[in-house]
Structure formats: structure tokens, C-alpha cells
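Inspection log for the structure reproduced underneath, given as C-alpha cells.
Rule-based calculations on the coordinates, nothing more; no lab input. Everything numeric in this text was worked out from a predicted model, so none of it was measured. Cβ coordinates were reconstructed from backbone atoms using ideal geometry, including for glycine residues, and neighbour counts include every protein chain displayed.
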Amino acid sequence: MVLAMSRPVKHRKTGVYWFRKRVPADIALLTGRKEVNRTLRTKDPNEAKRKFAEVLAEHEREWAQLRLGNGSVDGRSPAAGVDPLTPRLITDREAHLLATAVHDEWLAKFYDNPSEQLHWHTDLYEGMWKKYPLPSTDPVAGVEGIADPIPGTMPIENIFWKSMRDGCISSAKNILTENDFSDDAWSVQKTARAVAAALQRASLTLQRLEHGEFEPGEEPSCLHRSAVIQAASKENSDTATLTGLVDGWWKESKAAGRKPSTYESYRDAFAYLARFLKHNDATKVTAKDVIAFKDHRLSTPSPKTGKMISAKTVKDSNLSALKVVFGWGVANGLVAHNPAVGVTLKVGKPARHRSKGFSDEEAKTILSGAIFLERGQENPKTFAAKRWIPWLCAFTGARVGELAQLRKQDVSLRGDVWVIRITPEAGTVKTNEAREVPLHRQVIDLGFPAFVQDAASGHLFLNVDSSENVRGALRGLKNRLAEFGRTFVADPHVAPNHGWRHRFKTIGMEAGIPPRILDAIQGQAARSVADTYGEVTLRTMAGEIAKLPCYSLEAQ
């Protein structure tokens with residue numbers, strides 16, 4: 001039997017297409033949602049198919065994050081339609097994850113002298129709850145509602161159980177409060193049990209250490225992590241500072257291929273946090289500090305631009321940086337817990353005043369301004385960038401930065417096809433993958449290949465030595481190109497550089513270029529696993545780019 005593929009569903013009355021898909025069983029258990037329904041806001045079947053693929057990819061990414069434990073597991077993500085700022089019930093996984101801090105603190109406290117700890121026996125975890133169970137029928141009742149025995153009538157063993165249970169409940173309440181979870185009876189019970197389990201594991205590990213069951217240098221990683229935390233706290237090690245934490249994360253992430261721009265964003269976020277907290281101690285940061293920092297960033301103009309910061313920037317740049325780097329710190333034993341876990345921010349959809357791409361008239365105006373531009377006293381490479389990069393953007397849909405870092409050796413003739421090579425070797429590419437794109441006939445006729453052949457070796461548009469890092473020069477040139485584009489298109493609702501990327505997609509679809517080929521030309525990720533099979537060749541791209549219409553030119 002052949003199963004039907006998911007596809008847009010047309011509304012019987014309105015004719016508008018909808019996205020409708022059953023939620024996978026494992027995700028449904030986590031979120032409580034059995035089906036996703038979203039309007040695609042179009043009556044055009046082709047547009048509906050494109051939007052359906054985008055929405056499907058969005059939900060599949062969210063579900064993948066949930067399976068990895070990196071997303072909201074109770075349905076409070078924006079896609080689920082629930083306010084993520086509302087205190088939510090803690091899950092078993094989150095309770096045990098946050099209780100790890102209690103585990104590590106206990107190990108660190110008695111690491112040097114394990115015999116000083118109060119031994120937790122193997123039956124402690126279940127014993128305390130059996131003798132003094134938490135509420136089991138009334139989800140509204142508070143933990144404090146449990147009656148205590150009359151003083152003097154309780155056996156010593158029971159006093160021990162109650163004392164331990166009360167200590168776990170107190171720790172659980174602190175964990176829930178600090179991490180913005182609901183403090184209802186059920187969440188307290190679940191977290192208190194996780195705390196008890198964490199303390200029991202730590203105690204039993206220390207008992208084994210006390211009895212000499214570990215050879216020197218062969219202690220389990222949890223002991224090593226706690227010893228590092230303890231040493232960092234005593235010696236005020238640089239790695240326990242906010243700045244040291246993000247630098248340590250970058251050393252590892254750089255080797256894994258992360259982008260320098262990501263490091264700069266994360267470094268700035270931690271610098272802002274240190275200035276806000278007025279200290280640089282990573283071990284002292286709490287969830288309340290992170291929440292206060294989030295509120296401060298939302299209400300304070302950027303020190304760089306003087307403008308208010310969008311909620312999306314705070315969520316995607318600042319909070320994301322804190323979660324990732326503190327998570328790395330926990331994994332590497334530099335901090336005991338991640339204070340950014342559970343802290344999030346609801347981001348509303350911004351108002352859209354117009355298309356994100358240039359109109360026909362705007363595109364013609366910029367391209368005419370570029371081709372008829374007179375140099376004057378301007379730097380030759382900056383002048384060349386203003387003359388050629390808008391045209392390259394118009395016919396390749398590439399990112400401005402990718403074109404601005406082109407070198408002479410990146411432009412070549414393959415048979416009868418002129419090709420540009422966009423590669424990380426020249427600077428930085430978002431996907432970290434090189435690609436080749438054929439040039440349109442109009443760009444060739446205007447003389448771009450001739451310009452390249454006459455240019456000196458090295459970068460065509462950047463004033464940098466071959467041994468220098470291009471990032472600074474690239475940032476400056478992108479800003480100058482944005483200012484240049486803004487002189488022709490003053491509308492603030494369209495980006496003067498990125499508007500080309502949106503326009504290329506629109507013009508390409510109008511010309512009948514298949515979406516997969518458009519994505520390959522622009523260097524965008526495959527939409528499905530099927531799109532990773534086979535290659536979009538230069539010959540294929542050249543044939544499709546030839547379908548794009550030429551622009552008529554008028555002197556400005």
C-alpha cells in the first residue's frame with residue numbers, strides 16, 4: 001500500500017490552503033498536542049506547496065530539539081500557542097537535570113574528607129517518601145499541608161527521614177523558584193525526589209571513595225567535575241569568570257567549525273551580562289539574574305547603536321548565548337548549573353509593511369546607479385564594489401558578504417561558462433560550504449570578466465593583505481554598500497543589501513526556475529532528504545540563470 005504524502009489542505013469555503021499534520025506519538029506525549037493546524041495564507045497551490053515545506057521543516061526542527069531535550073517539553077513554545085513566560089510544570093528530565101547542581105555541591109563539599117559526610121544509605125530515596133509521602137490525590141494542596149507527628153512521639157529513625165525529606169523539599173522549592181517553574185505540590189514532589197536521588201548518588205560515590213574503591217586518577221567524571229568546581233571556587237580561577245567561560249567555549253567551538261561571528265555575538269552577550277551584574281563570577285549567576293538581565297536588555301538602548309533591542313535579538317542572541325555557554329561550562333565542570341535553563345522570551349511576529357525584496361523599479365534604480373557611478377576620489381576597490389556587487393547580487397541571489405570577499409582566482413571560465421566560486425577560503429560562508437555559480441549574460445556583457453582579468457591578484461573588493469583577517473574590512477565594506485543602496489531606495493522597510501536575496505527568489509520563481517535549483521544557486525540548505533540526492537550541476541544552473549530577464553538601464 002502506498003501512503004499519501006503530507007500536502008496542503010484547501011479550505012472548502014475560503015479556498016485558503018492550510019498546513020495540517022499529525023504530531024508524532026513521542027512528541028504528542030511531551031506536548032499534549034495530537035495535531036498541528038496552521039493557515040498558509042495563500043490560495044495559490046504552488047505557493048501553498050512552498051509554504052507547506054517551510055512550515056513542515058520548522059516543526060520538524062522543533063520536534064528534533066524536543067527529542068534532544070533542547071526545547072520546551074510541555075507545549076509552551078511559540079509554535080504551540082502558549083505563553084512561554086507563564087510558569088510551567090517541571091518535567092522529570094528537567095528536575096533531575098537541575099538536581100545535578102545539588103549532587104555536585106555535595107561531592108565538592110566532602111571531596112577532601114568524605115568521612116565527614118552524613119552517609120545516605122541505599123534505601124534512603126524510597127524510605128523517606130514511604131514514611132512521609134507527599135500529596136497523592138489533591139493536586140491543589142500544598143506540601144506544607146502534611147501534618148507532622150506530635151513531638152516526642154516520633155522514633156529517631158522517623159525523625160531522620162522527616163529531616164531529610166524536609167531538606168529535599170526546601171531545595172526543590174529553591175530550584176523551582178530560581179528557574180521560573182511552577183511551585184505547585186506536584187512540581188515540588190517531583191523535584192524533591194530528584195534532589196533526594198541526586199544526594200543519594202553523591203553520598204554513595206563518596207562512600208566508595210572513602211573505602212578506597214577508586215584508584216588515584218581513575219575517579220568517575222562526576223568526582224572530577226566536583227573537584228574542579230571546588231578548586232575554581234577556592235582559587236577564583238579565570239575559567240570560572242564570565243569572560244573566561246565564553247573564551248573557553250570558543251576554543252573548543254572554533255575547532256568544531258563554529259563561525260567567528262557567533263563568538264563575537266556570544267562574547268558581547270557575556271560582556272553585557274558582566275556589566276549588568278557588576279561582577280565577573282560565573283559561579284554566582286542565578287536564574288533570577290538571567291531574568292533580570294533579559295528585562296534590562298529589553299528596556300535599554302544598545303550601547304553600539306543607541307536603538308532599542310528587539311525581543312528576537314534578546315532571545316536569539318543573548319539568551320541563546322547564555323544557555324549554550326553555561327551548558328558547556330556545566331559539561332566541563334566549570335560551573336555547577338546552567339542558570340539560563342528554562343528562561344525564555346515570547347517573540348511576536350513583526351508587522352510587515354511590504355515585500356522583503358526590491359520592486360522592479362527599485363532594482364532598476366540601484367543597478368543603473370551602480371553602472372553609471374563615477375569614481376571621483378573614492379578608493380578604487382570600494383568603487384569597484386559599488387559598481388559590480390549589486391549586479392552580482394541581482395543575478396546570483398548570493399549574500400553580500402560572500403560576493404564582497406571574492407578574489408581574482410574565484411572567477412574563471414569553465415568551457416564557455418563564466419563562473420564565480422564562493423568559498424570559505426576567501427573569508428566566511430554561512431553554510432561553511434563552497435559553491436560555484438554561473439554568471440548571467442548581462443553581467444558578462446557589462447564587462448565583469450574583463451574587470452577581473454585586469455585586477456591585481458587577491459581580493460577584488462577588499463583592501464586587505466593576503467595574511468590579514470578579512471572580517472573587519474568585510475564589515476566596513478558591507479556597511480558602505482548598504483549606505484550606497486540606501487541613497488537610491490530610502491524605504492526603511494526593505495534591507496538595502498539583503499533585499500537582493502529576496503528579489504532573486506521572486507524573479508527566479510517567475511522565470512520558472514525549480515525551487516531546488518534556486519536554493520543551490522543561493523547556497524540555502526536542502527528542504528528535504530530527497531533534495532540531498534544528486535547534484536545541481538553548473539550546466540543545470542547556467543541553463544536556469546539564462547532564463548532571468550535582463551535589466552534596462554537609465555542614467556541617474
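Some observations on this one:
- Extension gain from residue 166 to residue 532, taking 0.36 nm per residue of separation minus the Cα-Cα distance: 126.1 nm
- In terms of the mean number of neighbouring beta-carbon atoms within 10 Å, the peptides 545-552, 190-197, 262-269, 328-335 order highest first as 190-197, 328-335, 262-269, 545-552.
- Options 324, 290, 342, ranked by Cα towards positive dipole end of the stretch 288-389, top entry (Cβ charges): 342
- Sorted by Cβ neighbour density within 10 Å, fewest at the top, the residues 391, 249: 391, 249
- Sorting 27, 175 by the number of Cβ atoms found within 10 Å of their own Cβ, with the fewest placed first, yields 27, 175.
- Evaluated with a Cβ-only charge set (Lys, Arg +1; Asp, Glu -1), the stretch 360-545 carries a dipole of roughly 280 debye about its Cα centre, given to the nearest 20.
- Zone residues, the stretch 371-396, relative to residue 454, backbone N less than 19 Å from point 7 Å out along Cα-to-Cβ: 371-392
- Taking 0.36 nm per residue of separation and subtracting the current Cα-Cα distance, fully stretching the chain between residue 89 and residue 378 would add 97.9 nm.
- Protection proxy ranking, peptides 456-465, 529-538, average beta carbon neighbours within 10 Å, highest first: 456-465, 529-538
- Shown here for the stretch 307-383: trypsin sites (Lys or Arg not before Pro) in loop regions (DSSP other than H, G, I, E, B) with at most 16 other Cβ atoms within 10 Å, namely 307, 346, 352, 354, 356, 375.
- Each residue, residue 22 and residue 208, gets one label point 7 Å from its Cα in the Cβ direction; the gap between the two is 4.4 nm.
- Inter-label distance for residue 262 and residue 469, nm, one decimal - labels placed 7 Å from Cα along Cα-to-Cβ: 1.7
- Placing a pseudo-label 7 Å from each Cα along the Cα-to-Cβ vector at residue 308 and residue 271 gives an inter-label distance of 2.5 nm.
- Per-peptide average of other Cβ atoms within 10 Å, ordering 12-20, 291-299 highest first: 291-299, 12-20
- Whole-angstrom gap from the stretch 500-556 to the stretch 264-297, using each part's C-alpha centre: 43
- Sparsely packed GluC sites (Glu not before Pro) within the stretch 419-524, loop by DSSP, other Cβ within 10 Å at most 10: none
- The residues 62, 35, when put in order of fewest to most other Cβ atoms within 10 Å, stand as 35, 62.
- Pairs of lysines in the stretch 355-459 (C-alpha under 18 Å apart; 8 or more residues apart or interchain): 4
- What the Cβ-Cβ distance of residue 14 and residue 356 gives, at R0 = 35 Å and to the nearest 0.05, is a FRET efficiency of 0.85.
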